[in-house]
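Read the structure below first, then the notes.
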Amino acid sequence: RGFASVASGESNVSISLEDYHSIQVVVWGATEPGSYTLPAMSTIFDVLYMAKGPGVNRSYRSVQVIRNQKRIAELDLYDFLTKGTSNNNIALQTGDIVFVPYYEKRVRLRGEVKTPAVFELKGKETLKEIFEYAGGYTEIAYQNTVQVMRYGQEGKEFYTLNKSFLDTFTS
């Protein structure tokens, strides 16, 4: 009589989980590094959540999975945090190491942007990309020029850039 007998109360259904498979993963460079026991299909996001995310001065852009002494995946958390995508969020296996290295370069973005913050740079990213990470300008921002202060070989360097240079100016 199928599902109708369950709905009417004529039959009962009982489901039990008898064999729970778990994996053991090590996390280094997180706020709470250590060894974690996780459900079998856990991902990098799952273990980073348990380990309270990347530690102080650690990278959000280069979270690595090391398996059998080889780097098999690298996850850029900015893809998830700014675009909602989760490329390379692979399922982990027993013995994997999730390694969060130190950041290489950061920039502080202040002013009339939606998310003023410190952003990590990867490779040759431009000011335009940093503004995208910040969610863009606020509605009251003056967008034709941007003032940049950076530390160079001789100390502080100051620039006033026309908006047309944002997609070519690198830190």
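The values are calculated or read from the model by the stated rules, or taken from the named source; none is laboratory data. For clarity, every value in this text was computed on a predicted model and none was experimentally measured. Don't worry about glycine lacking a Cβ; one is built from the backbone with ideal geometry, like all the others, and counts go over all protein chains shown. Just so you know, the surface numbers come from the protein's heavy atoms only, side chains and all, with ligands and any DNA or RNA stripped out. Shrake-Rupley method; radii C 1.70, N 1.55, O 1.52, S 1.80 Å.
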Original post:
Which residue out of PHE99, PHE119, PHE165 is among the hydrophobic types (A, V, I, L, M, F, W, C) and more than 30 Å from ALA51 (Cβ to Cβ)?
Top reply: PHE165
**OP:** Filter segment 112-143 for residues that are among the β-branched types (Val, Ile, Thr), without any contact (Cβ under 8 Å) to a residue 24 or more places away in the chain and assigned to a loop (DSSP other than H, G, I, E, B) and give the result.
**Re:** THR115
**OP:** From the list GLU154, GLU74, pick out the single residue that is under 19 Å from ALA30 (Cα atoms) and without any contact (Cβ under 8 Å) to a residue 24 or more places away in the chain.
**Re:** GLU74
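May I ask you to say which residue of GLU125, GLU139, GLU157 is surrounded by 10 or more Cβ atoms within 10 Å (Cβ to Cβ), among the acidic types (Asp, Glu) and farther than 30 Å from VAL63 by Cβ?
Numbers: GLU125 fails: farther than 30 Å from VAL63 by Cβ; GLU139 fails: surrounded by 10 or more Cβ atoms within 10 Å (Cβ to Cβ).
GLU157 is the lone residue from the list that is surrounded by 10 or more Cβ atoms within 10 Å (Cβ to Cβ), among the acidic types (Asp, Glu) and farther than 30 Å from VAL63 by Cβ.
Quick one: in segment 90-107, which of the residues that are under 19 Å from TYR133 (Cβ atoms) and assigned to a loop (DSSP other than H, G, I, E, B) is least open to solvent (accessible area, probe 1.4 Å)?
Filtering segment 90-107 down to residues under 19 Å from TYR133 (Cβ atoms) leaves 100, 103-107.
Among the residues that remain, those that are also assigned to a loop (DSSP other than H, G, I, E, B) are: 100, 103-104.
Numbers: VAL100: 0, TYR103: 80, GLU104: 170 Å².
Filtering first and then ranking leaves VAL100.
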Original post:
Quick check: is even one residue across segment 144-163 within 28 Å of the chain's Cα centre (by Cα) and part of a loop (DSSP other than H, G, I, E, B)?
Top reply: no
**OP:** Could you check ALA7 against (1) exposed (fewer than 12 other Cβ atoms within 10 Å of the Cβ); (2) among the small types (Gly, Ala, Ser); (3) at pLDDT 95 or above and say which number it fails?
**Re:** (3)
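Looking at ILE130, ILE66, ILE44, ILE72, can you tell me which residue is open to solvent by 50 Å² or more (accessible area, probe 1.4 Å) and of a type in the set (Val, Ile, Thr)?
Working: ILE130 fails: open to solvent by 50 Å² or more (accessible area, probe 1.4 Å); ILE66 fails: open to solvent by 50 Å² or more (accessible area, probe 1.4 Å); ILE44 fails: open to solvent by 50 Å² or more (accessible area, probe 1.4 Å).
Checking each option against the conditions leaves just ILE72.
Here is a check on your reading of the model: is THR37 out of contact with any helix residue (DSSP H, G or I) (no Cβ under 7 Å at 6 or more places or on another chain), among the polar types (S, T, N, Q) and open to solvent by 70 Å² or more (accessible area, probe 1.4 Å)?
Details: out of contact with any helix residue (DSSP H, G or I) (no Cβ under 7 Å at 6 or more places or on another chain): yes; among the polar types (S, T, N, Q): yes; open to solvent by 70 Å² or more (accessible area, probe 1.4 Å): yes.
Yes, satisfied.
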Subject >> Members of segment 47-58 that are in contact (Cβ under 8 Å) with a residue 24 or more places away in the chain and open to solvent by 60 Å² or more (accessible area, probe 1.4 Å) >> reply: VAL56, ASN57
Subject >> Yes/no for LEU81 being buried (at least 17 other Cβ atoms within 10 Å of the Cβ) and either modelled with pLDDT of 95 or more or not small (Gly, Ala, Ser) (or both) >> reply: no
**OP:** Please enumerate the residues belonging to segment 70-111 that are in contact with a Phe, Trp or Tyr (Cβ under 9 Å, 6 or more places away or on another chain) and acidic (Asp, Glu).
**Re:** ASP76
